[in-house]
Amino acid sequence: MSDDLAIRPIADDDLDAVLDVYRQCEDFLALGPVPDASLTMVLSDIGLSQACGGCYCGIYIMDGRMIGIVDYVPRNYEGDPRAAYIALLMIAAPFRRRGIGQAVLEAIEKKIRRDAQVNTILAGLQVNNPQAIHFWQRNGYRIVGGPELMPDRTTVYHLRKDLTPPSAPEPCTHHAARDSSRCGAQYDTHHTARSTQYAVKYEV
């Protein structure tokens, strides 16, 4: 159906499309210290994702257009085999408030859950992004730390979602947000999702 989405790791020939998504998200970038998108920013984010064992992926609609970026560490975040980390979920401005962010987050969580050892998903969240705070809390993420001033001069909350029942032993006590090295600093969703249903295909 026309509402289907695909998530797949980006390739070298996707860089122009990635930069276009960043440019369409400069309202979000303006919340941080570098408000203008650039290829340097994109390449830095990709390199630091790779250094952290991350999966830096494009979000595509069925006509092949990239409309967002999601970057996450599926396991072994900061050396803890029980911890995953969502570093970036960014949807291009024309495609917000359609439930796409919600659908992508659910797809990423489903993929993370395939590793039975992972019982915690961590994230960081800029405190000056109230829409994103609402989005993450609505999806079961709790603020467990912060506000903390990061080296890149952003101030963040640390978030956590436990994938185990509340009665289970408390997992993964660390929850450092990624800082300006982006091996920790977070970029987040900048939209309010509706309850639209999407079929999401994750392509390896």
Here's a check for you: in the range 31-51, which residue that is modelled with pLDDT of 95 or more and buried (at least 18 other Cβ atoms within 10 Å of the Cβ) is farthest from residue 81 (Cα to Cα)? 37
With the range 44-161 as the region, which strands (runs of 3 or more DSSP E) entirely inside it contain at least 1 residues that are more than 24 Å from residue 19 (Cβ to Cβ), touching a residue at least 12 places away in the same chain (Cβ under 8 Å) and among the charged types (D, E, K, R)? 142-149
Kindly indicate which of 71, 13, 3 is of a type outside the set (S, T, N, Q), modelled with pLDDT of 95 or more and surrounded by fewer than 18 Cβ atoms within 10 Å (Cβ to Cβ). 13
Tell me, yes or no, whether the range 98-110 has at least one residue that is surrounded by fewer than 22 Cβ atoms within 10 Å (Cβ to Cβ), over 16 Å from the mean Cα position of the chain (by Cα) and more than 17 Å from residue 6 (Cα to Cα). no
Which one of these does residue 120 not meet: (1) touching a Cys at 6+ places or on another chain (Cβ under 8 Å); (2) at positive phi? (2)
When you scan the range 16-30, do you find a residue that is surrounded by fewer than 19 Cβ atoms within 10 Å (Cβ to Cβ), part of a helix (DSSP H, G or I) and of a type in the set (Val, Ile, Thr), even just one? no
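The values are calculated or read from the model by the stated rules, or taken from the named source; none is laboratory data. These figures come from a predicted structure and were not determined experimentally. Reconstructed Cβ throughout: ideal geometry from the backbone, glycine too, with neighbour counts over all protein chains shown.
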